[in-house]
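The values are calculated or read from the model by the stated rules, or taken from the named source; none is laboratory data. Note that the coordinates shown come from a computational prediction; the quantities given were computed from them, not determined experimentally. In this analysis, Cβ positions are derived from the backbone assuming ideal geometry, glycine residues included, and neighbour counts consider all displayed protein chains.
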């Protein structure tokens, strides 16, 4: 079933004799499939086809694109356990977790289908002619072919048919996915599903391609002049490398790189003293969820020094010691987790609360340390993400120091506050300060878990992402792949339906500065 | 009246003994004022004050910001002829033109005030909790202090209190303007007006600063870590330099550089044959308007070879010969215009139709050349902007070649089509192709003139701007200076008014995926 080819549009292609293989991180067992690395020629063909597809796909109606997205979801469901099994073998994630992720992936595709059917997302604006000023009409149009780099930690929801692909296809942009080296087989199965859906719904050839390879293939893709935007989820190193590469092109292009975060959590005193044990248990679950391999993993927990924080730390430490040792996504991530943790555990300023436990193969045990705010504030090193089931608890001497910690924070995907309403109000300055550092501010919960909806912002100031103005989750993520075009005194017959006077698509528009249908 | 100081918030400051002076381009006469270049210390103070102001200004209500913007407009009007005279002396632009530009500047400020009072621009979204999913609410928040670089060709509307400043202040971002070296006196007058308005309406100290200096001061400002975005209107060279600089910071920031365009015009056959002379006269006016110093100047006119195009060219050439020789904005622009024109006129492939006329001092005469599409298509040189009253007419052998010219075009602010409805429809592919190259598509008019309204897109693909997703004119330009933040399960008391359940500001919001008030 797994053939290891690239897909240049619907054509399987395997020009290169060099290939990658996949292995099961839980057992180090080699998995089936020799995944041929895309050659420069194959990359050029795929981008050429994407460009040609764009000329047609940009004019495909919302209804038709919606049918395509729905069909992709249906085809993914059709893959049944074949997909779940391969994804589990390639990622070490459980069947249950992957079934949930599959639902999310399909729901995301259907969410964009609904958005397209409703149609108002194009932000249509009309100013009729007046006082000698011309008639001007404005709406959003797709940018062109988009390159997508999936994430190892979400082989379905942030990968081949994940949020980036779904939003780019919804926007009207053809997509070329560079398959993730950790799950090329999962990629192939999903790529086939997308191509089948494209065929069944009559989408133009080249609307989707899939290429295998390592960083080199990715670089060539980003540098290709036909690529007009990049979606990426992964590490800071890879994300910033792609970002710099894209800015240095003759024509710079936008790169939406979601690069992770340590997701600071502020535990306020009253609430903590009331629920120290309960919160510790809740957070133990959040820290170890998916072996800590979520971009919203709580890697930094800040509280006021005192007995409540001690209780919390002790209970959290105990729970982490008891936690099942989780399989990491791949050898690179497992090695890196141990290395970074070891570097931190060697430092003087911290106290280790949960040592690393026994770790075989690619497994990573949960661990935890604590540091005083004074030491934390000395430099930025403590804010480096340790991707895995690790957290650092920072103890503050008072409200001012907690505020100092907040001011010292780098850009984050999320910041969380745990506190009773009165103390949250008292800490208004802290909340306001943290708002500047994050894309999402969470109250009395854990940062792991991202609701897919129109009000979600999954993004944040650098270094959490390369563009804080956009989200990679939720309906607003479509905005990453479009730009406005204005038409001045355009004859009715040439106007897109969204901008015609009688509003044939029945969408919300801003007409002469009034919202109206 | 003109004192030549920087303004660090409301404090005049002149630490540096080095200064710039201004001169009248029409007479080369030196104008009053020694404009002290900002020192590193002054830049640091201004950004520090801006950062402190941001902590308060971000919480100022829409109503209050609106009062501030309206007051700026009032203060500018209060400057009466003092402002018009100084701006005219510094730019060589006529009083009439500058009075019009002042109206536009004040109207822009009032337009943003209206936008803030209406309030729906924040794109508020609410997804209530359901099925175990949390309550999530989303709206746009300001990025932080913004650096603004004004344009020489619009000393009022694209400068100190121009569109960039108005939209950034409306967004909730403090602004630091680097005054344009061509009109530092105009800048000082307007800066004082802004500071007076800030004082009268109780805005926080540091919400606006103005610094004098050359490129070096600009670089230091862009590199300052407290600056979170840059608005720029000017040349490709300066715009891309600022863009690269901003991307190389430890924390990259968005740069909205509007860098100009040659604004291609396609003359379709039927319409041209009916109105060749009339169109030539219309276009002579557009080419020479403001001595050709508009970013939407028609620098490229494309038609089908034949007698109608000959008539058009001859008439246009005659009108350009007759045109008054205009004063250019400054010596640099006048010199550059002549140099670039000379380089083109030396080339073999073109035929000169209007030679340069007598040009004294900083005056530039209108000129024009023609080239065959075959020669035009040989390379990109013909697409370099010649900033001034110059245009190049490209003659095509047929529809296919015209399409080839369109495909060959770089990114533009505008593309214009002149044609009857039937032939516009027949050229559907051409129109579609050009749409990909421009921010605004104009029908049966001239590209000069930009209506300030909510449906305007003044932007376009690189190299016209550094970010095609945004406009620098119209209400949508506020989007450049904001980012979304989501609140998850936030207690009502901590929510901004825009996101409270009872919608106290009565704004349009997306509530559970339905637009509603």
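For (1) within 22 Å of residue A:175 (Cβ to Cβ); (2) outside any helix (DSSP H, G or I); (3) out of contact with any strand residue (DSSP E or B) (no Cβ under 6 Å at 6 or more places or on another chain), each residue gets a yes or a no:
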{"residue": "A:2", "(1), (2), (3)": "yes, yes, yes"}
{"residue": "A:12", "(1), (2), (3)": "yes, yes, yes"}
{"residue": "A:27", "(1), (2), (3)": "no, yes, yes"}
{"residue": "A:32", "(1), (2), (3)": "no, yes, yes"}
{"residue": "A:36", "(1), (2), (3)": "yes, yes, no"}
{"residue": "A:41", "(1), (2), (3)": "yes, no, yes"}
{"residue": "A:52", "(1), (2), (3)": "yes, no, yes"}
{"residue": "A:55", "(1), (2), (3)": "yes, no, yes"}
Check your understanding: When only residues in segment A:480-496 that are more than 8 Å from chain B (Cβ to nearest Cβ) and in contact (Cβ under 8 Å) with a residue 24 or more places away in the chain count, which is surrounded by the fewest Cβ atoms within 10 Å (Cβ to Cβ)?
Key -> A:495
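Please count how many residues of segment A:40-78 are under 30 Å from residue A:19 (Cα atoms) and crowded, with 20+ Cβ neighbours inside 10 Å. Talk me through it step by step, then tell me what you get.
The initial filter retains those residues of segment A:40-78 that are under 30 Å from residue A:19 (Cα atoms), namely A:40-54, A:72-73, A:75-78.
Then keep just the ones that are crowded, with 20+ Cβ neighbours inside 10 Å; that gives A:42-43, A:45-47, A:49-50, A:53-54, A:72-73, A:75-76.
Count: 13.
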Check your understanding: If you take the residues of segment A:341-359 that are assigned to a loop (DSSP other than H, G, I, E, B) and under 29 Å from the mean Cα position of the chain (by Cα), which of them is nearest to residue A:376 (Cα to Cα)?
Key -> A:356
Review point. Do any residues in segment A:329-349 that are over 13 Å from residue A:292 (Cβ atoms) have Cβ atoms under 6 Å from those of residues that are outside any loop (DSSP other than H, G, I, E, B), where the two are at least six apart or on different chains, and which pairs are they?
Key: A:345/A:352; A:349/A:371; A:349/A:375
Check your understanding: Which one is nearest to the other protein chains (Cβ to nearest Cβ), of the residues in segment B:497-514 that are closer than 24 Å to residue A:447 by Cα and out of contact with any strand residue (DSSP E or B) (no Cβ under 7 Å at 6 or more places or on another chain)?
Key -> B:513
Practice item. Looking only at segment A:202-231, count how many residues are assigned to a helix (DSSP H, G or I), out of contact with any strand residue (DSSP E or B) (no Cβ under 7 Å at 6 or more places or on another chain) and farther than 21 Å from residue A:154 by Cα. Key: 4
Point to revise | Number of the condition not met by residue B:18 [criteria: (1) more than 22 Å from the chain's Cα centre (by Cα); (2) touching a residue at least 24 places away in the same chain (Cβ under 8 Å)] | key: (2)
Study note, to complete from the structure: Residues of segment B:117-152 being assigned to a loop (DSSP other than H, G, I, E, B), more than 7 Å from every other protein chain (Cβ to nearest Cβ) and on the phi < 0 side of the Ramachandran plot, in sequence order, are B:124, B:128, B:129, B:135, B:143, B:145, B:150, B:151, B:152
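Taking helices (runs of 4 or more DSSP H) that do not extend beyond segment B:232-337, which have at least 3 residues that are touching a helix residue (DSSP H, G or I) at 6+ places or on another chain (Cβ under 9 Å), more than 14 Å from chain A (Cβ to nearest Cβ) and surrounded by fewer than 21 Cβ atoms within 10 Å (Cβ to Cβ)?
Working: elements: B:236-247, B:269-288, B:307-322.
Fully inside segment B:232-337 and qualifying: B:269-288, B:307-322.
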Review point. Counting only residues that are within 7 Å of another protein chain (Cβ to nearest Cβ) and over 19 Å from residue A:253 (Cβ atoms), how many does segment B:458-469 have?
Key: 0
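Going through segment A:167-183 one residue at a time, which ones are touching a helix residue (DSSP H, G or I) at 6+ places or on another chain (Cβ under 8 Å), closer than 18 Å to residue A:38 by Cβ and not in a strand (DSSP E or B)?
Restricting attention to segment A:167-183, the residues satisfying the condition of being touching a helix residue (DSSP H, G or I) at 6+ places or on another chain (Cβ under 8 Å) are A:167-180, A:182-183.
This time we only want the ones that are closer than 18 Å to residue A:38 by Cβ, so: A:174-180, A:182-183.
Of everything in segment A:167-183, those that are touching a helix residue (DSSP H, G or I) at 6+ places or on another chain (Cβ under 8 Å), closer than 18 Å to residue A:38 by Cβ and not in a strand (DSSP E or B) turn out to be A:174, A:179, A:180, A:182, A:183.
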Exercise for review: Determine whether segment A:470-477 contains at least one residue that is at the interface with chain B (Cβ under 7 Å from one of its Cβ atoms), crowded, with 18+ Cβ neighbours inside 10 Å, free of Cβ contacts under 8 Å to residues at least 60 places away in the same chain and more than 21 Å from residue A:63 (Cα to Cα).
Suggested key: yes
Point to revise | Residue that is assigned to a loop (DSSP other than H, G, I, E, B) and touching a strand residue (DSSP E or B) at 6+ places or on another chain (Cβ under 8 Å), where the choices are B:487, B:470 | key: B:470
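Quick check on segment B:85-103. Is at least one of its residues closer than 30 Å to residue B:486 by Cβ, within 14 Å of another protein chain (Cβ to nearest Cβ) and surrounded by fewer than 19 Cβ atoms within 10 Å (Cβ to Cβ)? Steps first, answer last, please.
In the first step, residues of segment B:85-103 are kept if they are closer than 30 Å to residue B:486 by Cβ; the result is none.
No: segment B:85-103 contains no residue that is closer than 30 Å to residue B:486 by Cβ, within 14 Å of another protein chain (Cβ to nearest Cβ) and surrounded by fewer than 19 Cβ atoms within 10 Å (Cβ to Cβ).
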Check your understanding: Condition test on residue B:189, is it touching a helix residue (DSSP H, G or I) at 6+ places or on another chain (Cβ under 6 Å), at pLDDT 95 or above and in a strand (DSSP E or B)?
Key -> no
Review point. Where in segment A:398-451 are there helices (runs of 4 or more DSSP H), lying fully within it, with 2 or more residues that are more than 8 Å from chain B (Cβ to nearest Cβ), without any contact (Cβ under 8 Å) to a residue 60 or more places away in the chain and farther than 21 Å from residue A:279 by Cβ?
Key: A:399-408, A:428-435
